[in-house]
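The values are calculated or read from the model by the stated rules, or taken from the named source; none is laboratory data. If you're wondering where the values come from, they're calculated on a predicted model, not measured in any experiment. With ideal geometry, Cβ positions are generated from the backbone for all residues, glycine too; neighbour counts draw on all protein chains shown.
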Amino acid sequence: MKLKKTYSYALWSAIYLTLLSVIIASISYFIISKHLGISTIIVSIFVLFIISFFIIQYRAEHFIYRRLKKIYDEVSILDTNDLTKETATTDIEELSKSMQDFVDGKRSEIKSLTERDSFRRDFLGNVAHELKTPLFTVQGYILTLLEGAVNDKQIRTKYLDRANKGVERLVAVIKDLDMIAKLENEGTKLNVEVFNILELIQNVFDLFEMKAKKRNISLTFDRIYEFPVFVKADIEKIEQVLINLVVNSIKYGNPNGSTIVGVEDYNDKKFILKVTDNGEGIKPEHLPRLFERFYRVDQSRSREQGGSGLGLSIVKHIIEAHNENIYLKSSYSEGSEFSFTLEKAK
């Protein structure tokens, strides 16, 4: 049987000591051979070997254990109670693996904290920018009115209208910030119920019919549905998802275009709902970051169209809270398709 490393260390140490003792004993034999027999010397050598082995083994265990215990005491995450003298000297490889796992975990934790800190800085910068732009716009119009423009009815009406749009944008940003903070910090509390998803889609179409007409964009189903399609989800949250996706398709769709929504079987337990437009599409380099907070493909056009820049991030949070998946397909200059799964009602 293969000896454990510490026992091998003790064994060879004992052999070396014994050899040394043999040399000393041999010299002594010729000096005191008249008083001691050969058998007495052999017994002495054997006893010396046994004693040397156990002394060295004990010292090795004590030596390694003390140093490992010091490491465990200094590293707060490690529990000293998990360390025994036996494991300290017979399972060195296992301990080394545990320490390596600990180091890898700490390295991963440091990397995660660094990424979070970077994300926090970017997020605060984005929030400040999103709030600053409409706030300064409102302030500029109000100051202009206070300086005398309020007496001109035409200018007054125009500037108040523009100031109102700035306020609306501020309200939109704050509302979405509040929503995403609740989604991330408190978790999404779902009120799951069974409802007809086709009826909900139609309600969203009706809500934004006028907005779509201004850009001559049609809101339609992909086909005529003969029967209701029942799903199991939080109707208010899914309505918010549909609103965000439909509004985006209107904002960034081409004039005289269309937004088409359809529901298909995904598998035996789920439907997949698709929102498709024939707008300008999204370049491939933007696709991986599209669901990030405040990420905008076209900064100038996004500012012109308004919005908080949080819509798709909110959509992703809501869908993931339902333990569902969201997908994106897009071809630049041809259009985009956002789709997500929903549980079928039994």
For a quick check of your reading of the model, give me the residue pairs whose first member lies in region 312-333 and is closer than 14 Å to T276 by Cα, whose second is at pLDDT 90 or above and not in a helix (DSSP H, G or I), with beta-carbon atoms closer than 6 Å and at least 6 apart or on different chains.
I326/F340; Y327/S339; L328/F338; K329/E337; S330/S336
Selection count where residues are out of contact with any Gly (no Cβ under 6 Å at 6 or more places or on another chain) and at pLDDT 90 or above, scope region 269-282:
7
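Hey, any hits in region 208-221 for a residue that's part of a helix (DSSP H, G or I), in contact (Cβ under 8 Å) with a residue 40 or more places away in the chain, among the polar types (S, T, N, Q) and farther than 16 Å from G335 by Cα? Quick ask: steps written out before the conclusion?
Narrowing region 208-221 to residues part of a helix (DSSP H, G or I): 209-214.
From what is left, the residues that are in contact (Cβ under 8 Å) with a residue 40 or more places away in the chain are 212.
Of the ones still in play, those that are also among the polar types (S, T, N, Q) are none.
No, region 208-221 contains no residue that is part of a helix (DSSP H, G or I), in contact (Cβ under 8 Å) with a residue 40 or more places away in the chain, among the polar types (S, T, N, Q) and farther than 16 Å from G335 by Cα.
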Assess whether E285 counts as being charged (D, E, K, R), in the same structural domain as S313 (by TED's automatic domain parsing) and modelled with pLDDT of 90 or more.
no
